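Okay, structure first, notes after.
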Amino acid sequence: MKIHEYQAKELFRNVNIPVPAGEVAFSVDEACTTAENLDSYPVVIKAQIHAGGRGKGGGVKLANSREEVKNIASHILNMNLVTPQTGPEGKRVKKILVEEGLNIARELYLSILPDRATATIVIMASQAGGMDIEEVAAKSPEKIIRVAVNPLVGIEPYHCREVAFGLGLSPEANKQFYSMLTKLYSLFVSRDCSLVEINPLVVTE
């Protein structure tokens with residue numbers, strides 16, 4: 001199942017998982033209107049293609065004014081974005097996500113995926129989140145937390161505690177994290193998705 005970032009965030013909103021405010025735009029004018037409706041700068045402009053590593057390829061930019069939104073949206077829309085996951089041929093950008101910028105204290109990685117070898121659902125997480133998670137997994141696999149969930153039983157509080165401890169979350173953040181992870185797991189199994197991923201998961205100040 002392949003969905004764009006803006007579509008995933010809409011699913012998250014529907015189950016009350018917090019995400020930044022934003023809208024998808026298919027033109028420069030729509031991008032400018034969305035930025036103005038957010039009523040605060042900076043905003044983040046993100047290319048929407050089915051591939052990771054968009055930031056490294058120039059598909060994620062910060063805009064501090066309407067004029068910057070116009071210039072960046074003009075550049076990203078219809079560009080041929082090449083990332084490590086697209087191959088050298090790249091992918092044409094036909095839509096962008098314009099969303100509010102946030103003060104980020106930490107970037108973490110979190111994903112949920114089926115492990116067919118063990119017939120479990122695995123929660124993977126890392127304090128070394130962000131765009132280089134594949135490199136982290138290859139070079140420092142010990143930095144990746146893996147928690148297996150029996151799909152016949154479902155997620156339990158101790159699963160959440162194990163992931164939260166591995167991520168080094170503060171006691172104050174734990175309650176919110178437990179709620180978010182439980183909702184994310186429920187969304188995963190209810191949609192019968194093959195992958196639900198937040199990359200990066202951000203902890204705001």
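Laboratory data are not the source of any read-out in this text; all were calculated from the coordinates shown. None of the values given here were measured: they were computed from a predicted structure. FYI the Cβ positions are ideal-geometry reconstructions off the backbone, even for glycines, and counts take in every protein chain you see.
Listed values, structure above:
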{"read-out": "Tilt relative to the chain, helix 5-14 - C-alpha long axis, 0 to 90 degrees, to 10", "value": "60 degrees"}
{"read-out": "Entries in 9/94; 46/183; 2/61; 143/183; 46/91; 46/143 that, when Cα-Cα distance is taken, lie over 20 Å", "value": "46/183; 2/61; 143/183; 46/143"}
{"read-out": "Dipole magnitude of the chain, debye to nearest 20 (Cβ charges: Lys/Arg +1, Asp/Glu -1, about Cα centre)", "value": "420 debye"}
{"read-out": "Two-site FRET efficiency, residue 71 against residue 189, from Cβ-Cβ distance with R₀ of 45 Å, rounded to 0.05", "value": "0.60"}
{"read-out": "Residue with peak Gaussian network fluctuation, the chain [Cα springs, cutoff 10 Å], from 170, 126, 179", "value": "170"}
